[in-house]
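Readers should treat all values here as calculations from the given coordinates under stated rules, not as data from a laboratory. Since this is a predicted model, take the numbers as computed values, not measurements. Using ideal geometry, Cβ is built from the backbone for each residue, glycine included, and neighbour counts are taken over all protein chains shown.
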């Protein structure tokens, strides 16, 4: 009998409030532990964090390349990052790497790179020159929240190393040597390290970046690695002032081998009889000389007062954990919540470059995710409010730092908009050279949802006052720039942007036609003569009218329009089927199953675009030709929350206005997006005419079902009979109730694929919305059973593997980015009660 069935039989008689706890304990009781040994147990609340929180994420590994990627372009290991620092460390596995912390990984502005297998590899010899083999002793090591440690116990001495982050640029390694003898012990200490010479498995650094200069310098207190300028937009970006600095609390002499970019530092240490000595070593990664000068003051203070900084780190982590309220749940559930906490803190980046305010990035180990995205940030902030309201606030502020203003030189027409993604470097039109910064679209409006959650945690009215006008401006932007027919239902779309249109404001697209008689020719009735012909007979064309004509003619083989990609990004569900994304094979199967021609099938998946213009006919941007149920649901929730914020701030008339708007929008969502024939909510295509209910064209039923259909239940919009019909589909094994349930496309969706980003994979945000939807309508037991299935089947979730971006709905396999923040955020939300 499947585990969930056993649980259902045994526990459905229990009160609902205890059901999920019982399920979690049943599933997690068998979770594998890491191979680390445990140090002596401390009672919770004292200086050292309790070891019951140890080992939730596997922190071991020894990198050998700058880019050591897995199949999903993640760095293979899971370093410890903390306090917003831009570098992180691993625990050693091999005896040859004893008494060091492997790495570090540094974030070269936008990309995570390992720069060493290890720095500061400690070797100890006696006064007579005999090497002490630490591997001959008893070795224990581990990772706790905010800490890595290792201990070596031998007959004559014990060596313990503990690493903590003490500033947003510096980690402190405390090396304590204890003498077991009744006489002083004189030791020679040697530290070694070198920069990695291989970029990846196929190239050396010299081959990859022949002009990139790296060097080492030394002083009496340590060593410094200097990195020359490199501006490889998609792989490695350093200013020419970047550096990695190591400083010790004890003087040493250093020998540098410049050819191998390696060093050896040596010193002598006398440890008193039956006593101990502790050496403090700081590791700082710095982007600029200005950062270095500022950090040097802090490093001096750290080395002079290490215990003060150590206690501050311990106290900070105790506060995080205390705020998570772990006292009344079992250890396995504690372990999962702490794992989610560590994931979010590990992805915290402090201000640097264009990132004016610190926040939580999606994933420090994924290749592309060392920046801040809008709706990611709203989710991260919601969850961070549980353990650090201040970090949550900053996470929101970071995105609003770049809210478009009416006097913006580039896009004043978008005033109020929150851009999609911000990074260390802005893009070229913002006087930067970054490639990841994105103003082509916004993201779903969940900012007010996050702000209100933060307010629930700390009741800070000043934060509401700060954010309220910004939230209102963002809310209004959707109706000004993304409601093409002004019927009160908004659309996703794309901005006026150089990738979407030319300087004349004409829409850009590319089209390719099938070969006829050995050559590719476009239909004579289409005026493509002014298009530019590219490679493989691809025509690069301009204009909404011509684009519409190409769609209507319909015989094209390939059609690509960047505004379609931006619209998908704006939804957050990048390549969802409802936005016309489908593979050629799937389209052919769709045509066959529906007994129509391929040209006819293609028409069912076409997307069109409307130009949105102001009263002076200036181009504002584009709307895709469909009103989306999820977008309008989010806007409904936002209206409710804006009404609550206005009430708290004493703006009662404005509160009443938002309440009235919310009631009207709720009615529209039920009238315009629910299909009575299939019992589900869908996006609706826009037509020139709207009916008496303000609804436009046909519902996009043909493009299948996705999680957007249960968003009205998450928001408590759905009428009870509609909700029951949606839930029937959600829990149907032929629809969404797969091995891991509630994926991003139903099994019956024509564009479904278990490994397709937003057309099959299970994302924990949509899973969470689905679970909340079930609970909102009283289907608590179904919600608990589906949650149990996730915890049981999601690979690595409940052991020491990293929390992943998404999961295969059929196999439960871990997919996408490792150490993924919004998955961790929704783990905390799921376990909140």
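Arrange the peptides 530-537, 244-251 so that the one whose residues have, on average, the most other Cβ atoms within 10 Å appears first.
Working: 530-537: 11.8, 244-251: 19.8.
In descending order of packing, they fall as 244-251, 530-537.
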Q: With a 10 Å radius around each residue's Cβ, average the other Cβ atoms per peptide and rank 652-661, 161-170, 89-98, highest first.
A: 161-170, 89-98, 652-661
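With contacts defined as alpha carbon pairs under 8 Å and 6 or more residues apart, what's the relative contact order of the chain in percent?
On the way: 1814 pairs, mean separation 89.4, N = 833.
The value is 11 percent.
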Q: Take 238, 243 and order them by how many other Cβ atoms sit within 10 Å, fewest up front.
A: 243, 238
Q: Have a look at segment 326-454 and give its Rg and Dmax from the Cα atoms, expressed in angstrom.
A: 15.9, 55
Q) By what distance, in whole Å, do the Cα atoms of the chain stretch along each of the three principal axes, largest value first? A) 94, 68, 58
Q.
Could you tell me the relative contact order of segment 56-323? Use alpha-carbon pairs under 8 Å, at least six residues apart, and round to a whole percent.
A. 17 percent
Q. So what's the angle, to the nearest 10 degrees on a 0 to 90 scale, between helix 16-28 and the longest Cα principal axis of the chain?
A. 50 degrees
Q | Cα pair distances in segment 508-613, grouped into 10 Å bins until the bin that holds the longest one, percent each | A | 13, 43, 36, 8, 0
Q.
Based only on other Cβ atoms within 10 Å, what is the fewest-to-most ordering of 65, 424?
A. 65, 424
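Got the relative contact order for segment 508-613 handy, in percent, Cα pairs under 8 Å and 6 or more residues apart?
Details: 113 pairs, mean separation 27.0, N = 106.
Relative contact order, segment 508-613: 25 percent.
I'd like to compare 822-828, 451-457: which one has the highest average count of other Cβ atoms within 10 Å, and what's the full order after that?
On the way: 822-828: 26.9, 451-457: 20.3.
Listed from highest to lowest mean packing, they are 822-828, 451-457.
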**Q.** Histogram of C-alpha separations across segment 422-555, 10 Å bin width, %
**A.** 10, 24, 27, 21, 11, 6, 2, 0
Q | Binned Cα-Cα distances of segment 56-323, short to long, each 10 Å bin given as a whole percent | A | 7, 30, 37, 21, 6, 1
Q) Hey, how much of the P(r) for segment 405-469 falls beyond 13 Å, as a percent of Cα pairs? A) 71 percent
Q.
Based on alpha-carbon centroids, what's the gap between segment 475-491 and segment 661-712 in Å, whole number please?
A. 16 Å
